[in-house]
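Values in this text are rule-based calculations from the coordinates and carry no lab data. As the structure is a computational prediction, the values presented were derived from the model and not from experiment. Cβ: placed from backbone, ideal geometry, glycine included. Neighbour counts: every protein chain shown.
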Amino acid sequence: MIARRIAVPSQGQFVTVRRRRYVVLDVVQGQVPQAIHQPGSLNHPDSGQHLMTFSSVEDDALGEELQVIWEIEPGAKIIEKDALPEPAGFDAPARLDTFLNAVRWGAASSANIRELQAPFRSGIDIEDYQLEPLRRAIQMPRANLLIADDVGLGKTIEAGLVCQELIIRHRARKILVVCPAALQVQWRDQMRDKFGL
């Protein structure tokens, strides 16, 4: 049986892995992690496989790293260099304005600490006082807040805004909510439906 030769990306190239785009950070040939190695399999350290380290270039996961073995990763492919597209005409002014706003909003969270993104990306009506915990959280080097308002004033909304903003700014990857067992479903549903977390 003749082994199929697979093109291996080099450092700095763009690839598509698990339906997401990454840039190659590191390529190590023939060193497969012990957890993946099985005696007698193709995963032997001398098998010529490549352990790849990638960094995400997707907007919602910028900088997240991933390690895979290139030869056995299903659907992995190199993004080949393409020429610039040929212009076919001008966009409508409203469409161009929408695009420019999207670029500004996407860059605001990393460029300007005073610009808030979470209130515009959440599906809720916000009261002015609910932005105060968010304002305080982004000014702290390490967000450490106790939100304790009266019943019905929006503690869940305030916490969700803080969580969403920290994730947008890449200051947090995961959020742990500790609550009574009877409230787990309510917190899960509200974080998912209102904030997309």
**Fill in**
Sorted by chain and then number, the residues having a modelled amide H within less than 5 Å of the amide H of residue 26, at least 5 places away or on another chain, are 53
**Request:** Could you please report the charge total around residue 147, scoring K, R as +1 and D, E as -1 over all other residues with beta-carbon less than 12 angstrom from its beta-carbon?
**Result:** -2
**Message:** Give me the net charge for the shell around residue 22: Cβ to Cβ below 10 angstrom, other residues only, Lys and Arg +1, Asp and Glu -1.
**Reply:** 0
**Asked** In what sequence do 155, 174, 77 fall when counting other Cβ within 10 Å, fewest first?
**Response** 174, 77, 155
**Message:** Please compute the length gained on full extension between residue 194 and residue 78, using 0.36 nm multiplied by the number of residues separating them and subtracting their Cα-Cα distance.
**Reply:** 38.1 nm
**Environment charge at residue 158 (Cβ cut-off 15 Å; Lys +1, Arg +1, Asp -1, Glu -1)** = -3
**Item:** Per-pair calculated FRET efficiency, R0 = 35 Å: residue 148 and residue 59 via Cβ, rounded to 0.05
**Value:** 0.55
**Fill in**
Amide H contacts under 5 Å for residue 21, restricted to residues at least 5 apart in sequence or on another chain and with H modeled in the peptide plane, are 57, 58
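Cut-off is 10 Å between beta-carbons; in what order do 23, 17 appear when sorted fewest neighbours first?
The fewest-first ordering by Cβ neighbours comes to 23, 17.
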